[in-house]
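For reference, the structure is listed below as structure tokens.
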Amino acid sequence: MSDWITITIDGQEIKAKNGELLTAAAARAGIDIPVFCSHPKLDPLGACRMCLVEQEGPRGKALVTACTTPVRDGAIFHYESEKAIDARQGTMELILINHPLDCPICDKGGECPLQNQALEHGTGKSHFWEEKRHKAKGYPLSDLVMLDQERCILCWRCIRYLQEWEDKPQLGLFHRGGETVVDKFPEGELDAYTSGSIIDICPVGALTNRLSRFSYRPWDIDRTPSICTHCAQGCNLIIDSRNNEVRRHVSRENMAVNDEWICDKGRFATGITKHPDRLQEPLARIDGKLQPVSWQEALQRVVTGLKTIVQRDGPDAVGALGSAKLSNEANYLLGKFMRGMVGTNNIDFREGAALLADPRGVPALADVREADLIVLMGSDPSEEMPVLANLIKRAAKRNGARLIIIHPRRIELAKYADVFLNPTPAEEVALFDALTRATMQARMEAGDEEIPDWLRETEEVESASVEALALAARLTMQAKNPFIVYGADYAWGFGARDIVGALTNWLITAGCEERLGFLHNQANAQGAGDMGILPDYLPGRSPISDRKARSAIETLWQTTLPTQPGLSYGGMIASARGRIKALYIMGSDPVGEKPADADSMKALEFLVVQDVFLTKTAQMADVVLPAASYIESAGTFTNTERRVQRAPQAVRPVGKSVADWAILMHLALRYDPAASAAWKTATISEVFAEIAQVAPMYADMSWENLGEQGQQWDREALPMGKRMHAYSGGSATPTDKRYPYRLVVSSLLWDGGTTFSATSEMAHLASRSARLHPHDAADLGLASGDLVEVLSVAGSIKLPLRVDDSIKPGTVFVPFSLPEAPVGTLFDSQGPRTNVAVLKAAS
Amino acid sequence: MLSDSARSEIQNLMAQYPRARSAILPALYVAQQEIGWLPDEAMDEIALLFGMEPAEVYAIAGFYNMFYKEPKGKFHLEICTNVPCMLRGSGNIADYLQERLGIGFGETTADGNFSLDHMECLGSCATGPVVFARRSQSAWGRYFENLTPGQVDVMLDELLLEDALPGEQTPARPYHHDHHPETNYLLARIDKPHSHKIETYLADGGYETARKALAMEPAEVIETVKKAGVRGRGGAGFPAGVKWGFIPKDIYPRYLVVNADESEPGTFKDRLILEFDPHQLLEGIICTSWAIQAHYAFVYVRGEYMFAQERMKTAIAEAKAKGFLGKGIFGSDFDLEVIIHSGAGAYICGEETALLSSLEGYRGHPRLKPPFPAVAGLYAKPTIVNNVETISHVRHVMEHGADWYRQWGTERSPGLQLISLSGQVKKPGVYEIPYGMTFRELIYDYAGGTVDDRPIKSIIPGGLSMPQILPDALDVGIDFESIVGAGSMLGSGGVIVICEGESIIPIARRAMSFYVEESCGKCTPCREGGSWMEKILKRIEAGEGTLEDLETMARVTKYIDQQSFCPFGPASVWGLQSTLRLFGDEYKDFILETNPNGHKPDIPVRPIYRADSGELHENLLDDATLAPLVP
Ligand SMILES: Cc1cc2nc3c(=O)[nH]c(=O)nc-3n(C[C@H](O)[C@H](O)[C@H](O)COP(=O)(O)O)c2cc1C
Ligand code: SF4
Ligand code: SF4
Ligand code: FES
């Protein structure tokens, strides 16, 4: 502990880290020096002058700001001296003279640092007799954030946050002196994806949550430490509710996951619990129409419907779809029910068997912080995981991390990249092979003799010059601490297997394949897989062929398990006109994603949908079971770095809806009352305890010991030796003159997904468009705003065009989950990597 | 909305700097010269050119007074009303201008010809009253000095003669610096015709010193300046050679930044050098750049000094043509580029770290020290910031040697200095005097005494920011140490003389208004406290002061003095504090006379945010609103 030193505050000796700021050192010793501008996550500024203390120096005592003073061994400070107290009272008085003191109507009142410190460090009296300065009050910076310039104390936290974490200085100080205000550009909008963070860190009520303001008082809320389930990062947050209504989400620190930030989707898109269209009670198709029924009746109908088919056509005539949006417990019990009671392995979820994800996700999200190299392949964190994107920007800007990006679009992070490669879909394999060769050459130059001659030459490809390839090769070879991920763009659809193989080859050659991970998009895609929602894997990710694993589960479940692999998500839907007679769909809407699948659903004899809304699929169901959203029920979620985190129940379920896991438990008890001994899981912690018994990597976990920061399962628990993939030369969707464009599909933050559009105040933010490069648009005689038809062999959708120069010529970008324009319509049998044509559409 | 030529001009400017962002102020000037003001659309375009967020450009433009957020009249006239000009009667001229034009400050004439504003010190304190006139949609601007009502008429007429705009600014030079020619070095040439031309300078042996310095080891140059004891003339008096020695070894590039922001009211000496002897400054720059091994020297000239900027640019071109600047100067392999960078109306940008922020293309807010600029300054590289006069002295020290320099002045303040003398004296101007000479000699011998031989009431010895001293200090020497002994500081060497008969309250109020106008707004005490003090002083001036106000001002100025982020805060209240101390009775008498019953103002909000349990309010029911409703 050589860098521990001793300093003195008010005569008390305390240990401190050499060079840390006095505010931090004092806080460790329990001395809470008041601050406004200073914030542990922001660079020191020293503007507000609240944190004054006296320091002894060669020329006597002097006032210094604790927030900018690094401590050195032997330094002596006085915090409670008369002079220091007077100084802080002086600053407090000055901060308050022009503050409107509208605490009674201010959202911050009750949790306001200014209020609290005025009580603790103010004199309680103002000598200010003049008229206060007037500035703009209550005016919107965006659809989400309100600003009250009179309340602002000009601490610059919001400005610094946007600068230091977002690298988007969209707020600034305008004018100067006493006229200074915080503002945005008049024509501009505050649209950084984590803009809401500034509400949390504003030390006064100057920045407020436009959707939630005036709906709560901080001392009259119930606070539930939870997580966000909009994406697979699993950011930690607090759900604040009152009278069983969600009032707001605020961020919660978890250094392993989200630092102290959440994105605006996680913060503001909270409408799901209040949406008028939420399913309130069970429905059953009676006389051809869905009609309300009791839970008793609904469950009985499910039992009868499934049993009839199992008895007649065998268990493999039944299938189930789980969901990457739902908890481990919900998915686990669905799997247990299908495998253990119905007796089939027909079980999958959308991001399951079809997605060539590394079953261990990414090594660790926090690796980004210390990474010397970051490689992103087919993943766009800015849109898919904004908080991670900010960590990446910071690593690049502050730590000098090098950045290699390979993506079909010029994504936002490309501007930080040392190497940005932009292969057209179908050219990825050639690119990764070229990278492999370049790396081989670099290895050879570094003295590796074993490289075969024919691999020693770097060859340029369409999307990369020899120099770019060589730089990328050098960076990956030299990296000591790389963070390397690929995403869904390269892991799903025609040819994905070859792409993943080729990129793995490159990284093996560079010697960093162990660091390669998969960045999931959906909150619990990792967990659903861990729970065995896969046609050929058991909970705990053992293959169903693993006899030992199987028999352990059989003992626990008191049943025998089917041994033949089941059908995949796509397979089940495709077989709905044949082998599959009944589907149990939980938290998934295949018809909404691909309307053409309605025909398959129609062909089913029996369809059960368990969901929060009456989705397109649910509208076709025989029985609809209303589920509680994750906020209204408890559960655990496993994020993309295998961190298992708790999301306790925050408010009461809507209407008669019930938690997914509980629905399944009740169903099972009715399906086979004799098996009730194996279904004694009446609480979430009991379900989780059973998971811990079944899935070895969850073995040491319990609901209680997950704590508020979650627990990560050990990556080594699932060894995955990566091997060179056979050299394929690549296979791409064959070109077809009728469909000259390559389709590029990925998620945007503001999409039209159910959970997002449930927040009506935000629904209009969704960018509903297909995007083309300006040249292609010009060739087609199209302009932004034109209605276009995008069509493929599988189908067609209509939506407005947006001309966008970040789109690669020859490609069309269509985001996922657009209302009324489900891009899934265009997918071929293997998924999104298909070819399309673009035509001007008649409106 | 910007023309192609404006865009390409901006691109050229961006290429001129080591980092393109530094060209943001120049770019805003280009846009304003084309459009006449800065519409949001123009800022949006500039943001795009620089790859910045529009909010950043907007924030920058809003910081600097010389950028307009709305259209102005064809001519924008700004009259200095700061203390030195006030003492020379600028109030009358301001009234006359408003009357002639039929508009008030902040307004534009109905025909759109003139906009009028009051202005802070323009560095014309000995030649005031002064108007700074700028023509919309052009780069044209100049000073009109020594204004009388008659001259105002002439000025307005001249301006309206479209095609015959008064051309080059040739200020009347009432600078009585020739009194003691034996101490004229910095000012030796300025009375000569064409004093600013390189031929004139070369005829006097110009640039020989630079040649000589280049033949020396850089360390030797630093040593000579250290030995001479040249102290900084920007305000703090820090020894230049010592500062240069702080540059960390082996860190390159390094930069020299010459502080020509001269905005301290009562200071106008740098302007004289810039306008009338730019080559001696350039030669000083060459010596200094060689000493610290910098290949870029920036001269940050305040935006209003347009004429000085022109003269400097011409001088640089002349020197370049001779091979004294640019690549391989004087045939050596040493490269040196000198760039004139225009400020845009912000006094705080004279503070060295704020200046660097500004030069890097940000709002001019001061930065945390340490790191000091010598360690991490411009672009976080070692940077020496020195005042124009400091660098000019370096040139003479390098010519004549340290001992020559030390023959003048005192042990701790050696050498000669430029004093800007203004206020109520017969011959205001810039004087080159040895340190240690007394105020009496300066005022009565050099400057011929006070106007109408009135007795002196008070002296501001070092620019408006310094505490006032009483005439009993007339025999104090003008050097750093002696003035501290007298309770003030030498600062920038701007001596302002105030005579009996002047009321101290309007002077204190006008001074405070300056600091309120110029506060950067970063820290609480200065931002909030300054405008509070101004409000109180205005109230006292309006006859609504109370004795409690004096206590409040004494208390709050202490906070501003001791708790501000940068030296601006203290500098903004030292003057006020000194008047409260020295002229307390005058304040009291005035208050008792104008508000004998001690009425307190009606305040819209008077928060007592914590119940004050110590004090019993017996007479609360006197308040009509609390009186019981009697049937
Ligand atoms: C508010 C403020 C304004 C200043 N204005 C100027 C100025 O206009 N010119 C100047 O040379 N120095 C000015 N200074 C001093 C500079 O910060 C810096 O000390 C000086 O330029 C260093 O040069 P020198 O050592 O040669 O004096 C100012 C300082 C403060 C605090
Ligand atoms: S809005 Fe809030 S965070 Fe931003 S400067 Fe003002 S007080 Fe600080
Ligand atoms: S004292 Fe504070 S507000 Fe005033 S100029 Fe300095 S930093 Fe800005
Ligand atoms: S908290 Fe230290 S100056 Fe603001």
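Condition first: away from ligand 2 (no atom under 16 Å from the Cβ) and not assigned by TED's automatic domain parsing to the domain that holds A:GLN163. Can you find one or more residues in segment A:32-47 that meet it?
yes
Name the residues in segment B:235-261 that are assigned to a loop (DSSP other than H, G, I, E, B), away from ligand 3 (no atom under 16 Å from the Cβ) and in contact with a helix residue (DSSP H, G or I) (Cβ under 9 Å, 6 or more places away or on another chain), would you?
The answer is B:GLY237, B:ILE247, B:PRO253, B:ARG254.
One line per residue, one yes/no per condition, for (1) assigned by TED's automatic domain parsing to the domain that holds B:ASP561; (2) in contact with a Ser or Thr (Cβ under 7 Å, 6 or more places away or on another chain); (3) aliphatic (A, V, I, L, M):
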| site | (1), (2), (3) |
| --- | --- |
| B:ASP452 | no, no, no |
| B:ILE456 | no, yes, yes |
| B:GLY463 | no, yes, no |
| B:ALA508 | yes, yes, yes |
| B:THR524 | yes, yes, no |
| B:GLU534 | yes, yes, no |
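Does A:LEU173 satisfy the condition of being touching a His at 6+ places or on another chain (Cβ under 9 Å), within 14 Å of ligand 2 (Cβ to nearest atom) and at negative phi?
Considered against the rule, which asks whether it is touching a His at 6+ places or on another chain (Cβ under 9 Å), within 14 Å of ligand 2 (Cβ to nearest atom) and at negative phi, A:LEU173 comes out as yes.
Taking the stated definitions as given, is B:TYR68 within 14 Å of another protein chain (Cβ to nearest Cβ), under 30 Å from B:PRO506 (Cβ atoms) and without any contact (Cβ under 8 Å) to a residue 40 or more places away in the chain?
yes
Residues that are of a type in the set (S, T, N, Q), at least 2 per element: which strands (runs of 3 or more DSSP E) completely within segment A:593-643 meet that?
A:635-638
Residues are listed down the side, and each one gets a yes or a no for (1) away from chain B (no Cβ under 13 Å); (2) within 30 Å of the chain's Cα centre (by Cα):
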{"position": "A:LYS132", "(1), (2)": "no, no"}
{"position": "A:GLY138", "(1), (2)": "yes, no"}
{"position": "A:MET146", "(1), (2)": "yes, yes"}
{"position": "A:GLU150", "(1), (2)": "no, no"}
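Conditions (1) of a type outside the set (A, V, I, L, M); (2) touching a helix residue (DSSP H, G or I) at 6+ places or on another chain (Cβ under 9 Å), marked per residue:
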residue	(1), (2)
A:LYS15	yes, yes
A:CYS37	yes, yes
A:LYS61	yes, yes
A:THR68	yes, yes
A:GLY74	yes, no
A:ALA87	no, yes
A:THR91	yes, yes
A:ILE105	no, no
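For segment B:569-582, enumerate the residues that are within 14 Å of another protein chain (Cβ to nearest Cβ) and more than 16 Å from ligand 4 (Cβ to nearest atom).
B:PRO570, B:SER572, B:VAL573
Do we find that B:SER488 is more than 13 Å from ligand 3 (Cβ to nearest atom) and either more than 12 Å from every other protein chain (Cβ to nearest Cβ) or surrounded by fewer than 24 Cβ atoms within 10 Å (Cβ to Cβ) (or both) in this structure?
The answer is yes for B:SER488.
Considering only segment A:20-68, state which residues are part of a loop (DSSP other than H, G, I, E, B) and of a type in the set (S, T, N, Q).
A:SER38 - this is the single residue of segment A:20-68 that is part of a loop (DSSP other than H, G, I, E, B) and of a type in the set (S, T, N, Q).
Can you tell which of A:GLY178, A:GLY188, A:GLY205, A:GLY234 is within 16 Å of ligand 3 (Cβ to nearest atom) and either within 14 Å of chain B (Cβ to nearest Cβ) or crowded, with 24+ Cβ neighbours inside 10 Å (or both)?
None of the others qualify; the one that does is A:GLY178.
Working carefully through the options A:ASP183, A:ASP167, A:ASP143, find the one that is among the acidic types (Asp, Glu), without any contact (Cβ under 8 Å) to a residue 60 or more places away in the chain, away from ligand 1 (no atom under 16 Å from the Cβ) and touching a helix residue (DSSP H, G or I) at 6+ places or on another chain (Cβ under 9 Å).
One residue alone meets the criteria, A:ASP183.
Of the residues that sit in segment A:299-327 and are crowded, with 19+ Cβ neighbours inside 10 Å and of a type in the set (S, T, N, Q), which one is farthest from A:GLU351 (Cα to Cα)?
A:SER327
Considering (1) within 12 Å of another protein chain (Cβ to nearest Cβ); (2) in contact with a strand residue (DSSP E or B) (Cβ under 6 Å, 6 or more places away or on another chain), say which one A:SER81 fails and leave the rest.
Single failed check for A:SER81: (1).
Of all residues in segment B:535-560, count the ones that are surrounded by 19 or more Cβ atoms within 10 Å (Cβ to Cβ), closer than 28 Å to A:VAL53 by Cα and away from ligand 4 (no atom under 16 Å from the Cβ).
Here the count works out to 4.
Going by the conditions given, is A:LEU114 at pLDDT 95 or above and either assigned to a helix (DSSP H, G or I) or within 16 Å of ligand 1 (Cβ to nearest atom) (or both)?
Spelling it out, A:LEU114 is indeed at pLDDT 95 or above and either assigned to a helix (DSSP H, G or I) or within 16 Å of ligand 1 (Cβ to nearest atom) (or both).
Can you spot a residue in segment A:41-62 that is within 14 Å of chain B (Cβ to nearest Cβ), in contact with a strand residue (DSSP E or B) (Cβ under 9 Å, 6 or more places away or on another chain), of a type in the set (A, V, I, L, M) and surrounded by fewer than 19 Cβ atoms within 10 Å (Cβ to Cβ)?
Checking segment A:41-62: at least one residue is within 14 Å of chain B (Cβ to nearest Cβ), in contact with a strand residue (DSSP E or B) (Cβ under 9 Å, 6 or more places away or on another chain), of a type in the set (A, V, I, L, M) and surrounded by fewer than 19 Cβ atoms within 10 Å (Cβ to Cβ).
Any residue at all in segment B:351-368 that is surrounded by fewer than 18 Cβ atoms within 10 Å (Cβ to Cβ), within 16 Å of ligand 1 (Cβ to nearest atom), of a type in the set (A, V, I, L, M, F, W, C) and assigned to a loop (DSSP other than H, G, I, E, B)?
Scanning segment B:351-368, I find at least one residue that is surrounded by fewer than 18 Cβ atoms within 10 Å (Cβ to Cβ), within 16 Å of ligand 1 (Cβ to nearest atom), of a type in the set (A, V, I, L, M, F, W, C) and assigned to a loop (DSSP other than H, G, I, E, B), so the answer is yes.
Restricting to segment A:644-678, name every residue that is closer than 23 Å to A:ASP277 by Cα and either touching a His at 6+ places or on another chain (Cβ under 7 Å) or part of a strand (DSSP E or B) (or both).
If the condition is that a residue be closer than 23 Å to A:ASP277 by Cα and either touching a His at 6+ places or on another chain (Cβ under 7 Å) or part of a strand (DSSP E or B) (or both), then A:VAL658 is the only one that fits.
Inspect segment B:314-335 for any residue being under 25 Å from A:LEU171 (Cβ atoms), among the β-branched types (Val, Ile, Thr) and either in contact with a Leu (Cβ under 9 Å, 6 or more places away or on another chain) or within 16 Å of ligand 4 (Cβ to nearest atom) (or both) and give the result as yes or no.
no
Does A:THR270 fit the bill of being away from ligand 4 (no atom under 16 Å from the Cβ), surrounded by 21 or more Cβ atoms within 10 Å (Cβ to Cβ) and more than 14 Å from chain B (Cβ to nearest Cβ)?
yes
Tell me, yes or no, whether segment A:98-109 has at least one residue that is in contact (Cβ under 8 Å) with a residue 40 or more places away in the chain, within 16 Å of ligand 3 (Cβ to nearest atom) and either among the basic types (Lys, Arg) or within 16 Å of A:CYS152 (Cβ to Cβ) (or both).
Yes, some residue in segment A:98-109 is in contact (Cβ under 8 Å) with a residue 40 or more places away in the chain, within 16 Å of ligand 3 (Cβ to nearest atom) and either among the basic types (Lys, Arg) or within 16 Å of A:CYS152 (Cβ to Cβ) (or both).
Would a scan of segment A:460-467 turn up a residue that is modelled with pLDDT of 90 or more and in contact with a Pro (Cβ under 9 Å, 6 or more places away or on another chain)?
Looking through segment A:460-467, at least one residue is modelled with pLDDT of 90 or more and in contact with a Pro (Cβ under 9 Å, 6 or more places away or on another chain).
Is it the case that B:ARG510 is touching a residue at least 60 places away in the same chain (Cβ under 8 Å) and away from chain A (no Cβ under 14 Å)?
Against the criterion (touching a residue at least 60 places away in the same chain (Cβ under 8 Å) and away from chain A (no Cβ under 14 Å)), B:ARG510 qualifies.
Looking at (1) away from ligand 4 (no atom under 16 Å from the Cβ); (2) surrounded by fewer than 18 Cβ atoms within 10 Å (Cβ to Cβ); (3) under 30 Å from B:GLU551 (Cβ atoms), which is the only condition A:ILE97 fails?
Going through the list (1) away from ligand 4 (no atom under 16 Å from the Cβ); (2) surrounded by fewer than 18 Cβ atoms within 10 Å (Cβ to Cβ); (3) under 30 Å from B:GLU551 (Cβ atoms), A:ILE97 breaks only (2).
The values are calculated or read from the model by the stated rules, or taken from the named source; none is laboratory data. Note that the coordinates shown come from a computational prediction; the quantities given were computed from them, not determined experimentally. Every residue, glycine as well, gets a Cβ built from its backbone with ideal geometry; the counts of neighbours run over all protein chains shown.
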